[in-house]
Amino acid sequence: MRKGFSLIELYIVLAVLAIIAIIGVPTLRNFYERKALENTIWQLAQDLRIAREKAITQQQDLIAYIGEDEYYVEFMQYGMLQNPQTYNLHFVPGDTTSRYFKNVKFPRNIKMQLVSPTLNINGKNYLVIVFKAGGNTDEIRGQAKIVNSLNGRRLSSDTNITSNNGLVITGKNLTINLSYSIKITTTGKIAMMY
């Protein structure tokens, strides 16, 4: 009667485990990288939806700044904090942390591909989107527009999203060369695209 394993049997088991590890580790890493990108894009889409909803319910234009490696989303106008009668004053990237202004940095291997036009704010380029309150006759509530210029904290110029396909923001994972996108229509609806 045998007690235990021979050295050859142990080597065979170790070789099989090594082969499984060699095959499994890259697959597991790709799964992790894909999920990190998906979660990042999903969170950005959720924050944009919240900003749109708050623009409608609070009756104030709210701005989102999307950079290559970070984004900022406004949940209440800056002027409302200083003086409730002062409208059209906005948070800008670089402001100190506030519960009305969210800043998220993307993981190091995830970058956003920016579409024109972008604004240079504090030395970084941002795609700037405003969700409209619908105060003017030519605007609908929650409509998304691209910001062309800011004058300090004031929104001074914006344009409609004119493409039939809407505005597409693409996030790319540089490690596995995979990308997911967010589509924003003229009416402000936001959808993820895989």
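A few notes on this one:
- Which of K145, K172 is most accessible, then next, and so on - probe 1.4 Å: K172, K145
- Candidate values [x] 32, 17, 14; [y] 24, 19, 18; [z] 48, 17, 14, label of the one derived for semi-axes √(5λ) of the Cα gyration tensor in Å: [z]
- For the range 1-61, projected area of the alpha-carbon convex hull averaged over all directions, nm²: 7.4 nm²
- Rounded to whole Hz, the Karplus (6.51, -1.76, 1.60) HN-Hα couplings of the range 130-143, x for glycine and proline: 10, 9, 8, 7, x, x, 9, 5, 8, 10, 10, 5, x, 4
- Peptides 15-28, 126-139, ordered by how many other C-beta atoms sit within 10 Å of their residues on average, highest first, read 126-139, 15-28.
- Close amide H partners of N148, meaning residues 5 or more places away or on another chain with modelled amide H under 5 Å apart, are S157, D158, T159.
- FRET efficiency, T86 to N177 (Cβ-Cβ, R0 45 Å, nearest 0.05): 0.45
- With Cα atoms, 0 to 90° folded angle of helix 7-58 axis to the chain main axis: 10 degrees
- Most tightly packed first, judged by the mean number of other beta-carbon atoms within 10 Å of their residues, the peptides 70-78, 55-63 read 70-78, 55-63.
- Spin-label pair L17/E70, simplified geometry with 7 Å Cα→Cβ offset, distance in nm: 4.5 nm
- In nm, spacing of pseudo-spin labels at T97 and T170 (7 Å Cα→C-beta vector): 3.4 nm
- Euclidean distance between Cα centres, the range 94-160 to the range 27-76, Å: 12 Å
- Heavy-atom accessible surface of the range 7-193: percent carbon and sulfur, 1.4 Å: 55 percent
- For the range 51-98: accessible area per residue (Å², 1.4 Å): 43 Å²
- Taking amide hydrogens as placed 1.01 Å from N in the peptide plane, the amide H of G188 sits under 5 Å from those of A144, each at least 5 positions away in sequence or on another chain.
- Estimated from helices alone, the mean residue ellipticity of the chain at 222 nm is -10500 deg cm²/dmol (sum of -39500 (n - 2.57) over DSSP H runs with n ≥ 4, per residue).
The values are calculated or read from the model by the stated rules, or taken from the named source; none is laboratory data. Quick caveat, the model's predicted, so the values are computed rather than measured. Backbone-built Cβ (ideal geometry, glycine too); neighbour counts: all protein chains shown. When the accessible area is computed, the model is the full protein with side chains, heavy atoms only, and any ligands, DNA or RNA have been set aside. Shrake-Rupley method; radii C 1.70, N 1.55, O 1.52, S 1.80 Å.
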